[in-house]
Amino acid sequence: MLWTRDQTNYDGEFYKLKEAVCEPKPLQKPHPPITIGGSGEKLTLRVTAQYADRFDWAYLPLPLYKHKLNVLRNYCTNAGRNFQEIEKSCWPGSQIFVARDQQMLDAKLS
């Protein structure tokens, strides 16, 4: 409401706004992209499936990252949302994979 109206009134459970103004308005329409970060499976990923345009994880090992993607995919299905619509990124940190040979490395990364 603040991004689309000249003045906004809101009477919510946790805060109230009376003739609130937000200037300048965002250039993006209908609003700037909503980015959510985190990895909580009960709330964060569910809210991401419902509202986020972008999602970011930090420092997750590859197997856990894949698991979180599957959890998000399921929440998207339940919300009637296309999983592919959400831009996803992950900062892997500085993981080092050690393997005797390429076959073992491929197995660790799959």
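No lab work stands behind these numbers, since they all come straight from the coordinates. Owing to the predicted nature of the structure, the values given are computational and were not obtained by experimental measurement. Cβ coordinates were reconstructed from backbone atoms using ideal geometry, including for glycine residues, and neighbour counts include every protein chain displayed.
Beyond a 28 Å Cα-Cα separation, which of these cross-linked pairs lie in this structure: Lys29/Lys68; Lys42/Lys66; Lys25/Lys88; Lys16/Lys88; Lys29/Lys88; Lys25/Lys66?
Numbers: Lys29/Lys68 30 Å; Lys42/Lys66 16 Å; Lys25/Lys88 26 Å; Lys16/Lys88 33 Å; Lys29/Lys88 21 Å; Lys25/Lys66 37 Å.
The answer is Lys29/Lys68; Lys16/Lys88; Lys25/Lys66.
Just tell me the longest site-free run in the chain, where the sites are trypsin sites (Lys or Arg not before Pro) in a DSSP loop having at most 14 other beta-carbon atoms within 10 Å.
The longest such stretch corresponds to 43-99.
Report the gain in length on full extension from Ile96 to Asn70: 0.36 nm times residue separation, minus Cα-Cα distance, nm rounded to one decimal. Walk me through the numbers before you get to the answer.
Working: separation 26, 0.36 × 26 = 9.36 nm, distance 2.36 nm.
Once the chain is fully extended between Ile96 and Asn70, it gains 7.0 nm.
Using the count of nearby Cβ atoms within 10 Å as a rough guide to exposure, how do Ser39, Ser89 rank from fewest to most?
Numbers: Ser39 20, Ser89 11.
Listing Ser39, Ser89 from fewest to most nearby Cβ atoms yields Ser89, Ser39.
Rounded to the nearest 5, what % of DSSP beta bridges with both residues in the chain are antiparallel? If you can, show how the numbers build up before the last one.
Values: 3 of 11 bridges.
Antiparallel bridges make up about 25 percent of those DSSP assigns within the chain.
Hey, what did the chain get for relative contact order, percent, Cα under 8 Å, at least 6 apart?
20 percent
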